[in-house]
Structure formats: structure tokens, C-alpha cells
Amino acid sequence: MLVKILTNQRGPVMFFVRGAQRKGFKMAADILPFTHGQYVGLFNDDGLSYIVSAGETHQYQGIVNDLDRNAYATYLLDLVNQAFKEGVGISGWYQQISTALDLINQGRDPQIITNVLEVQLLNLLGIAPQWDRCVICGNDQGPFDYSESYGGILCRQHWALDEHRFRLDQRTISYLRLFAHLNLAKVGQVSVADPIRKQLTWALDKIYDDQIGMRLKSKRFLREMDHWTAELKKSRDQIDKPT
Ligand SMILES: [Zn+2]
């Protein structure tokens, strides 16, 4: 069986696991999706890499047993897989990504955790938006807005330069600027109001669509899930209303 594992030394690596289809295979639990642990194996630059044993493995139960968390974690790992070349060390990123999975597993807002990584991974995906100050004049005092054509934020004096600027709420802009430098290991509870959550999704989806041209199946599934959740809520509200 071929199993892809995100490793700290070499990023995402495809491993060959011998005998995985056999009944009573001793590493069966170690290679389940959303499992983390210590794996011993052989990296092979020219051919298949192998895993020979595993220890201290734990499956993220909070992710496996919850559709919403599962969908976000799947998309997050899909994104990570796109952002890192196989075989290249990912240094500090490994910690940030595993903290993200820990937090989603614990039940922290999976959308917000994913949004943080979406903002940060833009740098590896070929566009590095300027979030700190106005792209044109360097002003670091808001209000700001995001411009795709200028690749970063514009201060109010320069909004006129881009008629297609995003017209984001200042709270959305603040979160995007915060996310760009956020160390998830040091984050307390973050609670984001619903309209701002929606705008964050809209802005990041648009940047990924327009500027990177990335359309992942796992992202499409997330959006379909949002749609059905909203439909379900609507029909529930109708049932609750007295006639
Ligand atoms: Zn400016």
C-alpha cells in the first residue's frame, strides 16, 4: 500500500508499506488517516521509500469523528501537500501544521485555524502579499483594503488606484494581517463574528482562485458542506416557526 505522510525532515513523502493488505497486519492502525507518531523507515531518493515500523502513534479522534473538522483537516493537508515539494525539509512549518491539527482536533474553530494557514502558505505558493503596510506609500496606519493587482494592502489614500479592491470590513483586514504572522502554538481562544468569518472565506477563496488558480476538490467539498448546512438551518427555522 502507498501511504503519504507529512514528515518533519522531508515534507510530504510517499511511502510503500509492505503487507498492508494482509489480515492481521501489525501496522494497520499506524497507517490510518489522521494518525501521527514516530515512524521508522528508509528514505530513498531514487525510488520508493519504505516504512518498517511505527510507535507512539495516535489517531486524531476529534477529527475522524466530526464531519466538519474532518473536511477542514482534509483540505488543510491537501493545501500543505501542494505547498511543499516532496523530499524537502519544512523546518518550522511542521510544528505550525501539527499545532493546527491539534487545535482542530480539540474542537477549536476549524475554519479560523485553516484560514491562518491559508494566509501563511500563500508565501510558498508563489504570491507573497504585503500585509504590513500600504504597497504604494508604506503607510502602516489603516484603514486598509486588499488589492489583487497590487499584491497587498492599500491605505485609504490609494484605494482609488484599484476599482476592483476587495472592499473588506476593517475587522476582516485586521484578522488577515494578524494571521500572516500568527504562531498557532501561542494562540488563545479566538472567536470571530459570523459575517467576518464569511468575509474571510470569501476573500481567501478569491485570492486562491484568482491569484494562484488552485481549485482543490477538498475545498469544493467544504463549500458544498457550507451550502447544505445553511439549507438545513433554513428548513429547521421554518419548522420551528409557528403557523
Ligand atoms: Zn498608501
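The values are calculated or read from the model by the stated rules, or taken from the named source; none is laboratory data. This structure is a prediction, so every number in the text was calculated from the model and none was measured. Heads up, the Cβs are rebuilt from the backbone with ideal geometry, glycines too, and the neighbour counts pull from every protein chain shown.
General observations
- Top-ranked residue in region 179-190 [being part of a helix (DSSP H, G or I) and surrounded by 14 or more Cβ atoms within 10 Å (Cβ to Cβ); ranked as nearest to the ligand (Cβ to nearest atom)]: PHE179
- Within region 11-28, tally of residues that are closer than 12 Å to MET1 by Cα and buried (at least 16 other Cβ atoms within 10 Å of the Cβ): 4
- Residue count for region 120-141, restricted to those that are within 16 Å of the ligand (Cβ to nearest atom), touching a Gly at 6+ places or on another chain (Cβ under 7 Å) and in a loop (DSSP other than H, G, I, E, B): 3
- Complete set of residues in region 160-169 that are surrounded by 13 or more Cβ atoms within 10 Å (Cβ to Cβ), away from the ligand (no atom under 11 Å from the Cβ) and more than 20 Å from THR201 (Cα to Cα): ASP162
- Count - residues of region 48-69 that are out of contact with any Phe, Trp or Tyr (no Cβ under 9 Å at 6 or more places or on another chain) and either more than 30 Å from ARG108 (Cβ to Cβ) or surrounded by 13 or more Cβ atoms within 10 Å (Cβ to Cβ) (or both): 3
- Some residue of region 150-159 being closer than 19 Å to THR201 by Cβ and either exposed (fewer than 15 other Cβ atoms within 10 Å of the Cβ) or modelled with pLDDT under 95 (or both): no
- Members of region 40-65 found to be modelled with pLDDT under 95 and within 26 Å of the chain's Cα centre (by Cα), listed by number: GLU56
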